[in-house]
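A.B. asks: My questions will all concern the structure given below.
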């Protein structure tokens, strides 16, 4: 075999090995992705429903609730909705409750301004849309006692020490989220995505 043939064979063998390795890597990646998807899809959905005879109006009232232990993320998420429902009537009390729920990292000036902006147009009904019985037709008036259900999806615990929980709003077609972060044995509010626009209440909708 001449030098040219030897070099050609070596190049052909190298190319064949490279293609073979690439195929194996692709198959491995696809298999791993499929395995992860199946695992996520098979993760059971967890939900917890909380009942409040009345909603807390002050930080002291919130601290007296059993949910104030914050020992699981569902409790913190439920109390976040309670705190937001107070904001239109008593901003300072609501901020005190939210700072309690946020633990070592209180509200920033930017977050406080965001809250004020979201309620600026009289949309005080948004937090109440997460409670059972509320609907656009009844101006988002919840049933009493107040009940709220928090639930997970297969991706809720993707990041260590974080939880992304979900809540249904009667004024939206898709659920909204609350992100919690764990410190020690407690779960604190990290981010909330609960104040996006929803369908107007009947009283505020000129087309209703």
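A.B. asks: If the requirement is being in contact (Cβ under 8 Å) with a residue 12 or more places away in the chain and under 21 Å from the mean Cα position of the chain (by Cα), which of these qualifies: 101, 65? Steps first, answer last, please.
C.D. replies: Values: 65 fails: under 21 Å from the mean Cα position of the chain (by Cα).
Answer to the selection: 101.
A.B. asks: How many residues does the stretch 100-124 contain that are farther than 14 Å from residue 89 by Cα and part of a loop (DSSP other than H, G, I, E, B)? Walk me through it before giving the result.
C.D. replies: Kept after step one, since they are farther than 14 Å from residue 89 by Cα, are these residues of the stretch 100-124: 100-114, 117.
Going one step further and asking which of them are part of a loop (DSSP other than H, G, I, E, B), we end up with 103-108.
Residues in the stretch 100-124 being farther than 14 Å from residue 89 by Cα and part of a loop (DSSP other than H, G, I, E, B): 6 in total.
A.B. asks: Oh, and also: Counting residues that are modelled with pLDDT of 90 or more and under 30 Å from residue 126 (Cβ atoms), which helices (runs of 4 or more DSSP H) fully inside the stretch 1-94 reach at least 2?
C.D. replies: On the way: elements: 3-41, 59-63, 73-86.
Per the criteria, 59-63, 73-86.
A.B. asks: Assigned by TED's automatic domain parsing to the domain that holds residue 161 and touching a helix residue (DSSP H, G or I) at 6+ places or on another chain (Cβ under 6 Å): which single residue out of 88, 127 fits that description? Walk me through it before giving the result.
C.D. replies: Numbers: 88 fails: touching a helix residue (DSSP H, G or I) at 6+ places or on another chain (Cβ under 6 Å).
Criteria check complete, one pass: 127.
A.B. asks: Only residues in the stretch 157-168 that are touching a residue at least 40 places away in the same chain (Cβ under 8 Å) count as the first member; pair them with residues that are part of a strand (DSSP E or B), Cβ under 6 angstrom, at least 6 apart or cross-chain, and list the lot.
C.D. replies: 163/180; 165/150; 165/178; 167/150; 167/176
The values are calculated or read from the model by the stated rules, or taken from the named source; none is laboratory data. Model, not experiment: these values are computed from the prediction. Because the Cβ atoms are built from the backbone with ideal geometry, glycine has one as well, and the counts that use them run over all protein chains shown.
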